[in-house]
Every structure is written in C-alpha cells, then in structure tokens.
Amino acid sequence: MCDASGKPRYLLGVVEDITELKRTEGKLRETREFLDTIIDNVPVAVNVKDARDFRYLLINQAAERFMGLTREQVIGKSVHELYPQDVADAITARDCALLVNGAEVVLGERPIHADASGIRNVNTRRLTVRDETGSPRFLLGVVEDITELKTAEERIAHLANHDSLTDLPNRAAFDRHLQQMLDQSAVSGTEFAVIYLDLDRFKGINDVFGHGAGDHVLQETARRMKAASTKS
C-alpha cells in the first residue's frame, strides 16, 4: 500500500487456508477411485452410454471380455462404429425404446452373439439414469453371462437321467418313460413293446480281463444300440 505521496508504505499479504479444501478434494478423489475400482471388478458386464447420442461413456473389465474390445476401442464410439449394421440397428432401437418407456427393462435369458466368444446365454437389465431435472442422462446396461451356468445345469440334468459310463438313459429315466407309455396306452388303447437285452458271459469278461474291459464292452454295446435306434 502507498502513502499520500505515492511511496510504498505497507506490504499487504493474504494467506488463504485451503487445508479443508485439499482434504475434501482428496476424499472425493479416493471415493471416485474406490467406485471406479468396484465397478471395474464387478463380475458382470457393465456399460454406460450418453442418452443424447448413445455413445459409450464407460465399460468395465467384464464388458471388455464380453465384447472382445478394449475400453480404448469402445469409449466415445456408437454401436454403429462397433457392430454390423443389423446388430447396431437392433441395439439402437432398444435404446430408443428404453428412453420412451422410461422404466427399467429386464430381458430374460436369451442367446446373443458376442464377438469375443460366439453365442452366449445372457440375462440383461437396462435402465435410464436421469439428471436433477428428470431428463435422461445415461443409459445403464448390465449383461450377465450365464453360459457356463446353463451348461453346468444341463450337464447335471443329463447325469441325473443317464448312466455316466454308457450315456444311455438310466433306471430312473426308464421308469419315468415306461410310466408315460403306460398312461398313453391306457388312454389311446394302443400297445407297445419292451425289449430286455442280456449280455451273455459278461461276468467272465470282468473276471478274466478286468473291469476296464467290461466297461469297454458296455460302451461299445451302448454305441451299437444308439446306432441301431438311429437307423430305425
């Protein structure tokens, strides 16, 4: 500051304490990094698009694996820049419908083509995220790949009704099928036949050559039975 003659007389210094500001910024940064880490490690594919132009704003690691693309290849792109015309048109149509509908859309189990690994069975949930004015801001998509789960369920169901060695229907499957045939026959008055097949001297094969050889005989018998039933 200067005196009346214009000569410097005082030096004014202002010190602003920004400790709390820096602490708040640090907490916000930690929170953002925490949320980014959580989303990136969610074991289902997550993607976020801009509701205005349908361009991708975010995908997590699971989405990268599912799409067969890195986030650098996806972020800022539209589906028409990533997928064939027919696929992109279908996705865009669903995005438009989501905006019109406004509510969460749950697409149950269905097969879709994933560029990374071919046909996959998925469950999909999609919803609109709105801003403070209520206008659509983001489109959030969650894709759960249940292919391995479905394969395991089908395998368990198959094992429950088939012999593990020969892969032929087991006793439980036979009893159930026989009861169905009896019920149908009682209603329609038709007849059916049951064939009983015995393997002569099978015990001797196990005793002389071992159970491995016996298993091979059963497997070959099953193979021939399947082949004969296919021809008939």
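Each value in this text was obtained by applying a stated rule to the coordinates, not by laboratory testing. Computed from a predicted structure; not experimentally measured. Cβ sites come from the backbone with ideal geometry, for glycine too, and all protein chains shown count toward neighbours.
Pick from Ser78, Ser188, Ser164 the residue whose mean-square fluctuation is largest in a GNM of the chain, springs joining Cα atoms under 10 Å. Between Ser78, Ser188, Ser164, it is Ser188 that shows the largest mean-square fluctuation. Once you divide the Cα radius of gyration of the stretch 151-231 by 2.2 N^0.38 Å, the number left is 1.37.
How high is the FRET efficiency from Glu148 to Arg32, r the C-beta distance, R0 30 Å, rounded to 0.05? Write down the numbers at each step before the final one.
Values: r = 33 Å, r/R0 = 1.09.
According to the calculation, E is roughly 0.35.
In this rough spin-label picture, where each label sits 7 Å from Cα along the Cβ direction, the Val100-Asp163 distance is 5.8 nm. In a simple Cβ point-charge model (Lys, Arg +1; Asp, Glu -1; nothing else charged), the chain has a dipole of about 300 debye relative to its Cα centre.
Over every Cα atom in the chain, the radius of gyration and the widest Cα-Cα span, Dmax, amount to 33.7, 129 Å.
Just checking the listed ones, Asp145, Asp215, Asp167: in the Gaussian network model of the chain with Cα springs under 10 Å, the one fluctuating most is Asp215. Return one number: the angle in degrees, 0 to 90 and rounded to the nearest 10, between the long axis of the Cα atoms of helix 171-188 and the longest principal axis of the Cα atoms of the chain. Roughly 70 degrees, rounded to the nearest 10. Most mobile of Asn123, Asn47, Asn161 per a Gaussian network model of the chain (Cα springs, under 10 Å)? Taking springs between Cα atoms under 10 Å, the residue moving most is Asn161. With N as its number of residues, the stretch 1-102 has a Cα radius of gyration that, divided by 2.2 N^0.38 Å, comes to 1.98. The string of couplings for the stretch 24-36 from the Karplus curve (6.51, -1.76, 1.60, θ = phi - 60°) is 5, 4, x, 5, 5, 5, 5, 5, 5, 5, 4, 5, 4 Hz, one whole number per residue in order, with x for Gly and Pro. Taking label positions 7 Å along the Cα-Cβ direction at both Ile112 and Asp207, the computed distance is 6.3 nm, reported to one decimal.
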